[in-house]
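Working notes, structure below.
Just so it is clear, none of the values below were taken in a lab; they were calculated from the coordinates. Just so you know, these numbers come straight off a predicted model, no measurement behind them. Glycine gets a Cβ as well: all are built from the backbone with ideal geometry, and neighbour counts include every protein chain shown.
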Number of protein chains: 2
Amino acid sequence: MQRLLSLLLALSCAVSSLLAAASASRPGLLWSPEEIAEARASLGKEPLFDAALQEARDLVAKALSQPIDVPKPLDAAGYTHERHKLNYREMQAAGLLFKLTGDPRLVAFVRSQLLAYAELYPTLGKHPAGTGHSPGRIFWQTLNECVWLVNVSQAYDFVHDDLSQADRELIETRLLRPLCRFFVEDRVRELDRMHNHGTWTVTAVALAGFALGDDTLVDQALLGSKRDGKAGFLRQLDALYSPDGLYSEGAYYGRYAILPFYLLGRVLEHRRPALKVFALRDGLLPKALHTQLQLTDANGAFLPFNDALKEKSHRSPEILLALAEVYAHHGQDAALLDVARRQGAVALTPAGLRLARALSATAAATPAYPYSSIEYRDGRDGSSGGLGLLRAAAPGGEPRSGLLLCMKYGVHGMEHGHYDKLSFQLHDQGRELLPDYGSARFLNIDQKTGGRYLPENKSWAMQTVAHNTVVVDQRSQFGGKYDASEASHAERHFFQVSDPSFQVVSAREDKAYAGVSMLRTMAVINDPRLSSPFVVDLYRLRSAESHTYDYALSYSGQFLATNATLQKHTTQRSPLGTAHGYQHLWLEAEGPVAPDQLQFTWINGKRFYTVTSAAGADSRLLMHSLGANDPNFNLRREAGLLHRRQGSNLCFATVIEPHGVWDGNKEFCQGNTPSITRVDVLHSDDTSTIVRVTATGGRSWTLLLNAGPASDTASHKVQVAGETFEWVGNAALQSR
Amino acid sequence: MQRLLSLLLALSCAVSSLLAAASASRPGLLWSPEEIAEARASLGKEPLFDAALQEARDLVAKALSQPIDVPKPLDAAGYTHERHKLNYREMQAAGLLFKLTGDPRLVAFVRSQLLAYAELYPTLGKHPAGTGHSPGRIFWQTLNECVWLVNVSQAYDFVHDDLSQADRELIETRLLRPLCRFFVEDRVRELDRMHNHGTWTVTAVALAGFALGDDTLVDQALLGSKRDGKAGFLRQLDALYSPDGLYSEGAYYGRYAILPFYLLGRVLEHRRPALKVFALRDGLLPKALHTQLQLTDANGAFLPFNDALKEKSHRSPEILLALAEVYAHHGQDAALLDVARRQGAVALTPAGLRLARALSATAAATPAYPYSSIEYRDGRDGSSGGLGLLRAAAPGGEPRSGLLLCMKYGVHGMEHGHYDKLSFQLHDQGRELLPDYGSARFLNIDQKTGGRYLPENKSWAMQTVAHNTVVVDQRSQFGGKYDASEASHAERHFFQVSDPSFQVVSAREDKAYAGVSMLRTMAVINDPRLSSPFVVDLYRLRSAESHTYDYALSYSGQFLATNATLQKHTTQRSPLGTAHGYQHLWLEAEGPVAPDQLQFTWINGKRFYTVTSAAGADSRLLMHSLGANDPNFNLRREAGLLHRRQGSNLCFATVIEPHGVWDGNKEFCQGNTPSITRVDVLHSDDTSTIVRVTATGGRSWTLLLNAGPASDTASHKVQVAGETFEWVGNAALQSR
């Protein structure tokens, strides 16, 4: 609160000192007149910037060759939806190109579009395909309408000085001001919301406010509709990110939200520089970009936890814009050039120009971006669990495309969160190996419920069994109740990555299932005696009652072999259950695990993978595939397994071992069977866990783990069947 | 026969004139002493050749650091199998490196291995995992043993002059000669066989013959065991290829077979140059390489018809070797450099060195390899049907990654052939869009029946329903009887690609189903008014009896929408049939098509695809997925559809239209619904077919097709409901 007040103070100072700036010279949003001059002087000199510009030129050239089309809004993902999206892109691009080239046809084009909208807008009521709590008028949801206004405000600002007073009057009174009124009055809930929709709304209102020279609108955007600092952009910056720059909805929406934060941030640097918005919260915004980059796989795709589309990568326009901004204005970090090179494009912004210049001025051999093992604390003050990333490459392998494990133990993540506490995903060879399903949605594709989230997003993608974690009694965490899950979070236990050959992440969850306390500790061991790093996973469950525990894994690839004795359902198939996601799983095979180790091998790309898991007499293996109760074929055809056990207190001890190499082109195969033969829990109580992993040739790894309160300094001593184990701290490894 | 005699004559001349050459200077197989000197002088100068050499160095360095291991043969794809494969690679590489470096440790290494084999070999009986009609001793099948001998003959030749007489005696009498005897006596059926196994056998025996200085062996390899020209290498060259260089087993085995043909071809150029083996049959061997290259997709992968693994591409070692040979010795065609650049590697042969030199001497801008629309006649004299390739790229698109349609109407293709006459496969965006399943096999992977062909190869992959063609009465072509299919072939009708905007392939099959005559005509229309070329497919069936006709398509991608009224099997699934491949299909949904057009849309990558098909009142759509009756999970999870109709005479008229663009990263979607709305058969009799394809906006394409005997000059005139259609030749197009 103290903090907020000082912000308000800074802001009001800024407001008073900069009142003149509201009617400052144009353009006055993302580009300053000086930056326009700089870009003009650079035309034809910077290939990547020229390429970005050429894309805008092509877009506008095509637009100029066709009649203006501002259709009556109709659909959520069909022609009119895409047309209105195209219109704002065209207007923004044409406005910028006008400033860069002075071509008067461009002003005429933007003017015609704006006037067409000024004619249409006052006739519109609620969008005919509008659903949810925030339908728009031009678009089915206000979110798209905000993006429209963000772009159109820029277009208007670019051409403002070249329009007649009468045109400006029409455009402002029939279009821009009514739209802003719609946002700050009718949709004030969105404006004041702590959510990416809120950020888009305030950004739209702020940019329109600056373009209109209306400080009240700007202040409402920054401080909330009541201008009291209880909502608005500055509050969002506080509420939506953890101190480590982790966005509360996850990497996919973090990518989306970063754009309005950076867009408005850049405008504020021009118009309210005293705010120093990029320095707030110890430079949170630049930090948020680096967090997004760390949350990508070898190909730059964002780790798809929570609702996420897997196509999104660091090549998305949002990241292009943010990366250029951080490079140009926050230290010119050469490692960012490595990412920029793989992005292969720059943003069409002043910072994008500077980045393009840096790329063409430096040799290809800039340092690699330091993708690393790192933990991000979750929640506004960083105390709501977190997200742990472990990275490890085989000897001689490139770090970026090695093993990447991401374990999730933070907040639910609002409406787009999943019931997935203590789940993990594993990548290798630049592929998803043990994937997170992401979301059930075909974005922008009209045939699939207008591109919206599909029913299967709730019934499958969000459910616990859709994630690599343990399901208790075939029910999702928190019974699949949103409010309960959103009110809770997992707890970090410890995160230890100082030794690259033995990295460990550990977390607890005691509320997801009443009466069941869960501790998951995952280690990545990198031992040059094996061809690849491997994962050791200890999932410990404690309960007074007996439960059915399903240790769930979804795997990508082709099944090869298991030692379980399976009854296979080859001529008739039924779903595995009736609710909590199980209704979507076809049961393919089921049977007991014998004798005391489960092994399960599959192949993916050029590598073999084996799960080896300590088993009890009660252990059963269930193999399943996705697609039951899916009448519209909305789900992908993926496969998974459950290691099912009954009990009250038990510990799933599992190894995931990548091994061997298969080259179909060269007809070469080596190491198709695993080296690791067994996993044994030597000891497990409330203070410590000791697990031994055994491989062929007498090799073994004994993991000595603290199961009590985390401590780097506490000494442990455990005697098990004649052996004495002593160690200090949370985790130690004995290799033999 | 005339031809064969003249060959024999040439050969005997060669034999007499070159008798001395049998004991020529060494090395005397793939490398001459002069070429060794040339390579020595080039060391460190040609990056791609140096890389190939480095691979050999690494292999040998690792071998030298470990004890020799020549294990007792045991398995078909396990350790001993892979070990013996590794041994021959090591020996061949060490031999060559010895010649290049003179390092005496390399002779010692090859000697030790050879002596270990000389000790082991006489103790071996039939291989314990040997199955089939040609089990080996070192390997489960003689095929691998031949490859072993091809490599070991070279190794022996490299080190021969540096071994003691006693060592040579041991190696020749206990290993090489007994092995040759095994091939020319015990496995004489393989030696004399017109089959890729035969080619490997004769190549092994010939190379060993040259290495041993034994002309009788060489002659048996060239002319058959009886040296009468009725079998052997020269006869194989005649029998196994069509005059267009199409290998009878298909592209996958063609890739495999090309290696021994080229290996022995190169040795003969050194040792029996008068034969001019690369000039035989109008330069058949060079032609065969170009045919292999044309039979690749945008990524260089071989079109996977017949038994085929999809991993095989032009990067396979066989094609590296052949391409270098053709480039270096047959015209230095610059277009081959385009392929070589994408291969990214060269063969470790004298020709590979010359190719590497050419690559580093020329700019990157060499001409693109002319991948084109082309027909290959099938059968020894080219009269047994063929294979038609149609390629078409969208305006501005790269030809290589545009639409690629391959229709198959040739011979069965021996044991690895499928019951797939008149089937096709379609590629787009460098992906398989309407795929051929290829084979059910996990090559070299021990867990999958020792890496052999799986039972599902016969029960699924070979069956007609596994292919994009029409299945009659749910039975495979020729009732799935090998002898009947192998004795038959489809008939080409016409192939017309002179107009790139309207390319057509047409073929008949009258014997696959008794009493049913089938004519399939497929066109690719490239009209700039649509965003992509599209396919028109007319499959005409004539029979006196009524049948069930299943028009089958396997598709890759995610189903989006259909206009059929489907009953969906969402909670219980059963197989679609009990035999002929249908037993492997889960029936997912089924229902009538209404009203008279079937439409079915899916998405793959960044593009939408719609099948539009003229339908009758009897038309039904069946959606299925693969995996029933597959107890060992040997099949991939793929999806398909059947358009099922009842009748005696009917014509499936279908359009496959790629449309629109979807970009998940930029959140952009356009053209998600098809432009083409209907297909109508206006006229169909035994002389002609007229089909009209209608798109939105009043656009249409009317295809005027000859259904009678092919003729480029015959005039056609047909009146249909008031319209008169006139055209000359096999196919004409009227666009509106």
Legend entry - Bins of 5 Å, starting at 0 and running to the largest distance - Cα pair percent for the stretch A:68-200: 2, 11, 21, 23, 20, 13, 7, 3, 0
Legend entry - Projected area averaged over orientations for the stretch A:640-683, convex hull of C-alpha atoms, nm²: 4.8 nm²
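Around B:S532, under 12 Å between beta carbons, what's the net of Lys plus Arg minus Asp minus Glu among the other residues?
Numbers: positive: B:R529, B:K606, B:R607; negative: B:D428, B:D527, B:E657.
Once positives and negatives cancel, what remains is 0.
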Legend entry - Descending semi-axes in whole angstrom, ellipsoid equivalent of the protein assembly as shown, from the Cα gyration tensor: 57, 42, 33
Inset, instruction - Could you pull out every residue, at least 5 positions away or on a different chain, whose amide H is within less than 5 Å of the one on A:F502? Hs are placed 1.01 Å off N in the peptide plane, and Pro or chain starts have none. - result: A:N526
Inset, instruction - List every DSSP H helix in chain B whose Cα atoms extend 15 Å or more along the helix's own long axis and whose mean Kyte-Doolittle hydropathy is at least 0.0. - result: B:2-17, B:47-64, B:104-120, B:142-159, B:196-212, B:251-271, B:317-329, B:350-361
Inset, instruction - Provide A:W140, A:W586 in ascending order of the number of other Cβ atoms located within 10 Å of each residue's Cβ, fewest first. - result: A:W586, A:W140
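What average number of partner chain Cβ atoms lie no more than 10 Å from the Cβ of the residues making up B:308-320? Present the calculation step by step, with values, prior to reporting the outcome.
On the way: counts 0, 3, 1, 7, 4, 2, 1, 2, 4, 3, 0, 1, 0.
Counting other chains' Cβ atoms within 10 Å and averaging over B:308-320 gives 2.
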Inset, instruction - Mind ranking B:252-264, A:468-480 by how tightly packed they are, going by the mean number of other C-beta atoms within 10 angstrom, highest first? - result: B:252-264, A:468-480
Inset, instruction - Over the residues of the stretch B:242-394, compute the C-alpha Rg and express it relative to 2.2 N^0.38 Å. - result: 1.01
Inset, instruction - State, to one decimal in nm and shortest first, how far the label point of B:K45 sits from each corresponding label point in the other identical copies (label point: 7 angstrom along Cα-to-Cβ). - result: 4.3
Inset, instruction - Post the alpha-carbon centroid distance, the stretch B:410-456 to the stretch A:151-218, in whole angstrom. - result: 60 Å
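Compute the projected area of the convex hull of the Cα atoms of the stretch A:179-237, averaged over all viewing directions, and report it in nm² to one decimal place. All intermediate terms of the calculation are to be shown ahead of the outcome.
Working: hull surface 12.6 nm².
Orientation-averaged projected area of the Cα hull: 3.1 nm².
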Inset, instruction - Give the nm distances, rounded to one decimal, from B:E398 to the matching residue in every other copy, measuring between label points 7 Å along Cα toward the beta carbon; shortest first. - result: 1.8
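Could you please report the charge total around A:H584, scoring K, R as +1 and D, E as -1 over all other residues with beta-carbon less than 10 angstrom from its beta-carbon? Numbers along the way, then the final one.
Details: positive: none; negative: A:E456, A:D630.
Within the 10 Å Cβ shell, the charges total -2.
Please go through the stretch B:615-645 and write out the trypsin sites (Lys or Arg not before Pro) that DSSP classes as loop and that have at most 15 other C-beta atoms within 10 Å. Write out the running numbers ahead of the final one.
Details: sites: B:R620, B:R636, B:R637, B:R644, B:R645; in loops: B:R636, B:R637.
Passing sites in the stretch B:615-645 are B:R636.
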Inset, instruction - Write down the Å³ per residue value for the convex hull defined by the alpha carbon atoms of the stretch A:178-304. - result: 102 Å³
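Order of B:D446, A:D162 from fewest to most other C-beta atoms within 10 Å?
Values: B:D446 20, A:D162 17.
By the 10 Å Cβ count, ascending: A:D162, B:D446.
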Legend entry - Three-way shape call for the stretch A:312-428 based on the alpha-carbon gyration tensor, with the a/c threshold at 1.5: oblate
Inset, instruction - In whole Å, largest first, what are the principal axis extents of the Cα atoms in chain B? - result: 90, 59, 52
Legend entry - Entries of A:K312/B:K448; A:K72/B:K568; A:K312/A:K458; A:K448/B:K421 with Cα pairs more than 32 Å apart: A:K312/B:K448; A:K72/B:K568; A:K448/B:K421
Inset, instruction - Find every distance from the label point of A:R177 to the corresponding label point in the other copies (7 Å from Cα along Cα→Cβ) and write them in nm, one decimal, shortest first. - result: 10.9
Legend entry - Residues B:H580, A:H270, B:H412, sorted so that the one with the fewest Cβ neighbours within 10 Å comes first: A:H270, B:H580, B:H412
